[in-house]
Ligand SMILES: Nc1ncnc2c1ncn2[C@@H]1O[C@H](COP(=O)(O)OP(=O)(O)OP(=O)(O)O)[C@@H](O)[C@H]1O
Ligand SMILES: [Mg+2]
């Protein structure tokens, strides 16, 4: 469904992503793991058209999308839940969700989708009139995911959904990701620093280090890998 071949991305002279190749098959959950500054967010931004690539190809459903306009990529069925959630704080929960449907115009469809999001995240229905800024971190993450789902994506890019959340809340968010795949056949590329929780829900994973793919394999293979254990699962009690 999503294929990257030898992707390079620069910020001026900074070579942030170096010849990265990866693929995500339909219905797969794939984890992209790496430390701070590894290039995870940069890579997701290029997939969703927020950044230009300086080399390589990105294909979605067999179509080249490298350096396409973000709104066209959303229309093709690929939605991005950004790092730090980036909900619109002064706007209501409902308006944040409706913004996610900006590529649509059939009012009845949008209302039905909104209902579906509220069924999935009842807390958002309870607080639909409140400012998004008043939500807790976990609720804001649900809102950011709900907003992305309003575009009816077939593939979801999630950038560190567990960031800053208590382990219990983080688990709940990850459970929703698994449910979305099961019930809607959603394909997911999941960026995380917490390798253990990401690999617990992913089928496969890639380890990114200073812009390069260092390792890839099934979640079981990566969890058993000595380098992964040392670098990302070192302090077991913290995970
Ligand atoms: N706007 C920018 N201008 C210049 N360099 C940048 C910019 N944004 C990111 N970088 C650099 O690109 C590299 C990759 O950054 P990126 O944010 O993609 O990492 P990341 O893996 O998402 O890290 P984190 O886990 O901290 O979110 C880093 O070296 C970073 O300093
Ligand atoms: Mg990042």
(message) Here are the criteria: (1) away from ligand 1 (no atom under 16 Å from the Cβ); (2) without any contact (Cβ under 8 Å) to a residue 40 or more places away in the chain; (3) in contact with a strand residue (DSSP E or B) (Cβ under 7 Å, 6 or more places away or on another chain). Tell me which single one residue 166 does not satisfy.
(response) (3)
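Among the residues of region 80-90, is any touching a residue at least 40 places away in the same chain (Cβ under 8 Å), over 15 Å from the mean Cα position of the chain (by Cα) and surrounded by 14 or more Cβ atoms within 10 Å (Cβ to Cβ)? Show your work before the answer.
From region 80-90, those touching a residue at least 40 places away in the same chain (Cβ under 8 Å) are 80-90; that's our starting set.
Retained after the next criterion (residues that are over 15 Å from the mean Cα position of the chain (by Cα)): 88-90.
Add one more test, that the residue is surrounded by 14 or more Cβ atoms within 10 Å (Cβ to Cβ), and what stays is 88.
Within region 80-90 (the criterion being touching a residue at least 40 places away in the same chain (Cβ under 8 Å), over 15 Å from the mean Cα position of the chain (by Cα) and surrounded by 14 or more Cβ atoms within 10 Å (Cβ to Cβ)), the answer is yes, since at least one residue qualifies.
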(request) Would you check which residues across region 33-51 are free of Cβ contacts under 8 Å to residues at least 40 places away in the same chain, within 15 Å of ligand 1 (Cβ to nearest atom) and touching a helix residue (DSSP H, G or I) at 6+ places or on another chain (Cβ under 7 Å) and list them? (result) 50
(request) Scan region 159-184 for residues that are out of contact with any helix residue (DSSP H, G or I) (no Cβ under 7 Å at 6 or more places or on another chain) and crowded, with 22+ Cβ neighbours inside 10 Å and jot them down. (result) 160
(message) So residue 80 passes all but one of these: (1) part of a strand (DSSP E or B); (2) touching a helix residue (DSSP H, G or I) at 6+ places or on another chain (Cβ under 9 Å); (3) more than 16 Å from ligand 2 (Cβ to nearest atom). Which condition number does it fail?
(response) (3)
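Name every residue in region 153-171 that is away from ligand 2 (no atom under 15 Å from the Cβ) and under 15 Å from residue 198 (Cβ atoms), in order of residue number. Let's see the steps before the verdict.
Taking region 153-171 as the starting set, the residues that turn out to be away from ligand 2 (no atom under 15 Å from the Cβ) are 153-156, 165-171.
156, 165, 167, 170, 171 - these are the residues of region 153-171 that are away from ligand 2 (no atom under 15 Å from the Cβ) and under 15 Å from residue 198 (Cβ atoms).
Give me the residue from region 91-113 that is part of a loop (DSSP other than H, G, I, E, B) and within 14 Å of residue 143 (Cα to Cα) and, out of that set, farthest from ligand 2 (Cβ to nearest atom). Working first, answer last.
Going residue by residue through region 91-113, those that are part of a loop (DSSP other than H, G, I, E, B) are 91, 100-106.
Add one more test, that the residue is within 14 Å of residue 143 (Cα to Cα), and what stays is 91, 100-101.
On the way: 91: 24, 100: 21, 101: 26 Å.
Here the answer is 101.
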(message) For the list (1) over 16 Å from the mean Cα position of the chain (by Cα); (2) farther than 20 Å from residue 104 by Cα; (3) at pLDDT 95 or above, I need the number of the one condition that residue 169 fails.
(response) (3)
(message) Out of 142, 150, I need the residue that is buried (at least 18 other Cβ atoms within 10 Å of the Cβ) and over 24 Å from residue 196 (Cβ atoms). Which one?
(response) 150
(message) Which count do you get for residues in region 17-71 that are more than 13 Å from ligand 2 (Cβ to nearest atom), closer than 16 Å to residue 82 by Cα and part of a loop (DSSP other than H, G, I, E, B)?
(response) 2
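Confirm whether residue 196 is touching a residue at least 24 places away in the same chain (Cβ under 8 Å) and surrounded by fewer than 16 Cβ atoms within 10 Å (Cβ to Cβ). Please lay out each step first, then the result.
Details: touching a residue at least 24 places away in the same chain (Cβ under 8 Å): yes; surrounded by fewer than 16 Cβ atoms within 10 Å (Cβ to Cβ): no.
Considered against the rule, which asks whether it is touching a residue at least 24 places away in the same chain (Cβ under 8 Å) and surrounded by fewer than 16 Cβ atoms within 10 Å (Cβ to Cβ), residue 196 comes out as no.
Could you identify the single residue in 7, 30, 14 that is under 22 Å from residue 207 (Cβ atoms), within 16 Å of ligand 1 (Cβ to nearest atom), touching a helix residue (DSSP H, G or I) at 6+ places or on another chain (Cβ under 8 Å) and modelled with pLDDT of 95 or more? So that I can check it myself, show each step before the final result.
Numbers: 30 fails: touching a helix residue (DSSP H, G or I) at 6+ places or on another chain (Cβ under 8 Å); 14 fails: touching a helix residue (DSSP H, G or I) at 6+ places or on another chain (Cβ under 8 Å).
Unique residue meeting the criteria: 7.
The values are calculated or read from the model by the stated rules, or taken from the named source; none is laboratory data. Remember, predicted model here, so these are calculated numbers, not experimental data. Don't worry about glycine lacking a Cβ; one is built from the backbone with ideal geometry, like all the others, and counts go over all protein chains shown.
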